[in-house]
Amino acid sequence: MIEGLTPGQTQALTRINVGASALSFAGSFFIALCYVFFKDLRSFPFKLVFYLSLSDMFCSLFNLLGNPGEGLLCYAQGYSTQFFSVASFLWTTTIAFTLHRTVVKHKVDVEGFGLYFHGYVWGTSLIMTVIPLIGNDYGPAGAWCWVRTESTAGKVLRFMTFYMPLWGAILFNGTVYFQVIRMLNHATRMAAVMSDRQRQLQSKVDMKAMNRWGYYPLILIGSWTFGTINRIHAFVEPHHHLFWLYCLDIGTASLMGLFNSIAYGFNASVRRSLEERLDLLWPEKYRWWQPGLAKLDENTGEGEMVPIIASSEGS
């Protein structure tokens, strides 16, 4: 039980964690299935999305254990939550790096970084998971199992091994997207000055995509802002816990997998692949989804990374 909260409040937090994690697991699992079954989606950018979804999926899976208390399941949940949560937000930085190298640096060698990405993400996640293990700081953490915070050392470890890398990833992603948007705005202005119709059309498509991608850094910020505030508050006021802040903390953090699956995965290519597969399996007169998907594609354009990468390769 979390000190300062009633047993009923602690149990409510566990239920929020399990419910939100179930939604995240479903969304992440859907994206993983799309990657496995739709071969035309297996581009390098979507491969990064696939690994992001795997991280979210396994993190959510262990959160579905609820509050296992002491024992093997508790430690398994603590290790897995730490490892796959860190891996999740690190994979978003590889997507941002790929976008920056392609659009800003005009490089077409991003696929050559695949092994480096794996070493960076899984290696860093492992280090951040092992550090609390050295001091045996995993265990029951109130309504779930994670790095324990009964001691000051445990609280410091959470900041060092989780929140510092997290906000480093947020800062990196935000900086990258700002540079990419600035680059695309410059390209749009140049196309207008040169009266290059083809470049103007391409710039509009790219900007539509970036308007969509601009939400990606906000996913990390929105998912973990309340968690950061809650940890700071708990550090400053260790005996005064706010139940409503815990609810926002757990609810938003546990939904990150769902948010990622919507933002990264439900783009035009995924919708197109789904529509093509459904068209093969479903009678035409019952295809009620077609108008909705067509409207989404019309409003968002491609809404994915592939068109920008393709245009950069051709320039």
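Could you check, for segment 96-105, whether at least one of its residues is in contact with a Pro (Cβ under 7 Å, 6 or more places away or on another chain) and among the hydroxyl-bearing types (Ser, Thr, Tyr)? Yes, segment 96-105 contains a residue that is in contact with a Pro (Cβ under 7 Å, 6 or more places away or on another chain) and among the hydroxyl-bearing types (Ser, Thr, Tyr). Evaluate the following for THR81: is it surrounded by fewer than 17 Cβ atoms within 10 Å (Cβ to Cβ), under 21 Å from ALA234 (Cβ atoms), β-branched (Val, Ile, Thr) and out of contact with any Pro (no Cβ under 6 Å at 6 or more places or on another chain)? Spelling it out, it is not the case that THR81 is surrounded by fewer than 17 Cβ atoms within 10 Å (Cβ to Cβ), under 21 Å from ALA234 (Cβ atoms), β-branched (Val, Ile, Thr) and out of contact with any Pro (no Cβ under 6 Å at 6 or more places or on another chain).
Take ALA253 and decide whether it is touching a Gly at 6+ places or on another chain (Cβ under 7 Å), at pLDDT 85 or above and part of a helix (DSSP H, G or I). Yes. Of the listed requirements (1) in contact (Cβ under 8 Å) with a residue 12 or more places away in the chain; (2) surrounded by fewer than 20 Cβ atoms within 10 Å (Cβ to Cβ); (3) within 30 Å of ASP109 (Cβ to Cβ), LYS39 misses just one: (1).
Kindly indicate whether SER55 is touching a residue at least 24 places away in the same chain (Cβ under 8 Å), of a type in the set (S, T, N, Q), at negative phi and surrounded by fewer than 19 Cβ atoms within 10 Å (Cβ to Cβ).
Spelling it out, it is not the case that SER55 is touching a residue at least 24 places away in the same chain (Cβ under 8 Å), of a type in the set (S, T, N, Q), at negative phi and surrounded by fewer than 19 Cβ atoms within 10 Å (Cβ to Cβ).
For THR129, are the conditions met, namely being at pLDDT 90 or above, crowded, with 23+ Cβ neighbours inside 10 Å and farther than 27 Å from SER43 by Cα? Considered against the rule, which asks whether it is at pLDDT 90 or above, crowded, with 23+ Cβ neighbours inside 10 Å and farther than 27 Å from SER43 by Cα, THR129 comes out as yes. Inclusion of PHE113 among residues that are among the hydrophobic types (A, V, I, L, M, F, W, C) and modelled with pLDDT of 90 or more is warranted. One residue alone among ALA169, ALA153, ALA76 is on the phi < 0 side of the Ramachandran plot and exposed (fewer than 15 other Cβ atoms within 10 Å of the Cβ), and that residue is ALA153. Out of the residues in segment 94-126 that are of a type in the set (Val, Ile, Thr) and within 17 Å of TYR163 (Cα to Cα), state the one that is surrounded by the most Cβ atoms within 10 Å (Cβ to Cβ). Looking at residues that are of a type in the set (Val, Ile, Thr) and within 17 Å of TYR163 (Cα to Cα), I get VAL121. Within segment 41-157, which helices (runs of 4 or more DSSP H) (wholly inside it) include 1 or more residues that are within 28 Å of VAL176 (Cβ to Cβ), out of contact with any helix residue (DSSP H, G or I) (no Cβ under 8 Å at 6 or more places or on another chain) and aliphatic (A, V, I, L, M)? In segment 41-157, 114-134 are the helices (runs of 4 or more DSSP H) which contain 1 or more residues that are within 28 Å of VAL176 (Cβ to Cβ), out of contact with any helix residue (DSSP H, G or I) (no Cβ under 8 Å at 6 or more places or on another chain) and aliphatic (A, V, I, L, M).
The values are calculated or read from the model by the stated rules, or taken from the named source; none is laboratory data. The structure presented is a predicted model; accordingly, all values stated were derived computationally and were not measured. Using ideal geometry, Cβ is built from the backbone for each residue, glycine included, and neighbour counts are taken over all protein chains shown.
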